[in-house]
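Here is the structure we will look at.
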Amino acid sequence: MNTIVFITRLPLAEQQIWLTTLTTLMPNERIVLPNELTDRETLTVDIAIVANPDVEVLARFPHLQWVQSLWAGVETLIPYFKKYNENHTSTLSLVRLIDPQLSKTMAEAVLAWTLYLHRNMPAYSKQQRDKLWRPVHCPAASQVRVSILGAGELGQAAMQTLLQQGYQVNGWSRQPKVLEGVTHYSGESGLKSLLQKTDILVCLLPLTPQTHHLLNEKTLMLLPKGAKFINFARGGIVNQDDLQRLLKAEFIDHAVLDVFEQEPLQASSPLWEDPNITVLPHISATTDLESASRVVASNIHQFREEGQIPQRVDLINAY
Ligand SMILES: NC(=O)c1ccc[n+]([C@@H]2O[C@H](COP(=O)([O-])OP(=O)(O)OC[C@H]3O[C@@H](n4cnc5c(N)ncnc54)[C@H](OP(=O)(O)O)[C@@H]3O)[C@@H](O)[C@H]2O)c1
């Protein structure tokens, strides 16, 4: 029986639920926590399943071939993998979670909060507090341009859902793409063109050195006045101070923020009190235990049968 180590900083009760679910789906694997292994046994482990792991614990397993993340966003793990591969002759691969259920959940979230902004819900919420009976103009979905930054697993699923709802959909990624029904842009000049044609901007990019503070005063000022913003990716992609200044100046109408540079958002953060910001606690697409476990089990089964490591994170070009 092969041994897989499960490395996580999740609360103990949650760790146990994951272990039970994963073990049920992979009865031929011994899946254990790091402290359940002897020093000798650590030498035999070739796969780790991780969820927000301490990389120092990961480093205790010298013969790992690949690491399966239970999260889709893996930016915090990248430096460890890059350094490992620079300093070793063997390659350690990182596999992030690609789960159709996660994409569906994110697409639902994008639709829900796009409708929230399109249907002027923040304005009605303010008006109700002021007992103000005043209809606000609401264009048809076909008149609303929703632009998605990032056209990967999550971005493309969100685009499909928005198209089904009748929105005009723009997309942006590094590489040019042809996506049915979507006006797609790429590169720096593409970003400028897209921002100028946006009513609701949705960020679904990974956080990388290239995307860090990509959305700042200069880029956000390219949006038409009154545009709205949704960040479901990572807080570090946006310069928060610049965004707040543009909200205060009523250049950007409203922002829905699910992600922040520091999470949980500190009680002292002014964002909580800003009437032009909707704060969400990183819930737009959380990993689904059952479906993610099935994806992981299938990846591991394929590796055991065929020796093929599943689709790896491109450590050189993507981050
Ligand atoms: N809030 C939540 O609950 C939650 C949940 C899950 C994930 N997330 C976040 O969502 C992010 C996206 O996930 P995903 O699975 O869709 O990732 P993905 O499949 O890797 O897609 C990333 C997309 O971003 C584009 N991109 C990357 N760097 C770029 C750059 N410098 N300029 C322009 N485009 C760039 C890629 O372009 P190419 O196609 O040209 O390569 C690709 O289209 C994750 O990294 C994570 O941070 C958030």
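In table form, for the structure just shown:
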quantity: Principal-axis tilt of helix 289-306 within the chain, Cα atoms, nearest 10 degrees; calculated: 50 degrees
quantity: Structure-based [θ]222 nm, the chain - -39500 (n - 2.57) summed over DSSP H runs of at least 4, per residue, nearest 500; calculated: -10500 deg cm²/dmol
quantity: Using alpha-carbon coordinates, inclination of helix 153-164 to the longest axis of the chain, degrees; calculated: 40 degrees
quantity: Taking only Cα atoms of the stretch 243-313, radius of gyration then Dmax in Å; calculated: 19.9, 59
quantity: Subset of LYS126/LYS218; LYS177/LYS228; LYS126/LYS177; LYS131/LYS225; LYS83/LYS228 violating a 32 Å alpha-carbon distance limit; calculated: LYS126/LYS177; LYS83/LYS228
quantity: Rounded if a/c under 1.5, otherwise prolate or oblate - the stretch 88-179, Cα gyration tensor axes; calculated: prolate
quantity: Per-selection Kirkwood Rh - the stretch 1-146 (Cα, Å, 1 d.p.); calculated: 18.9 Å
quantity: Folded to 0 to 90 degrees: helix 187-196 orientation relative to the chain principal axis, Cα; calculated: 40 degrees
quantity: Relative contact order (%) - criterion: Cα under 8 Å, at least six apart; region: the stretch 125-195; calculated: 25 percent
quantity: Radius of gyration and maximum dimension Dmax of the chain, Cα, Å; calculated: 21.6, 72
quantity: Centroid-to-centroid separation of the stretch 127-181 and the stretch 285-302 [C-alpha atoms, Å]; calculated: 29 Å
quantity: Label-reachable residues, the stretch 153-181, where backbone N falls under 18 Å from a point 7 Å from ALA140's Cα toward its Cβ; calculated: 162-169
quantity: Whole-number percent relative contact order across the stretch 29-137, with pairs defined as alpha carbons under 8 Å at least 6 apart; calculated: 19 percent
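Read-outs: derived from the displayed coordinates by stated rules, not from any lab. Computed from a predicted structure; not experimentally measured. With ideal geometry, Cβ positions are generated from the backbone for all residues, glycine too; neighbour counts draw on all protein chains shown.
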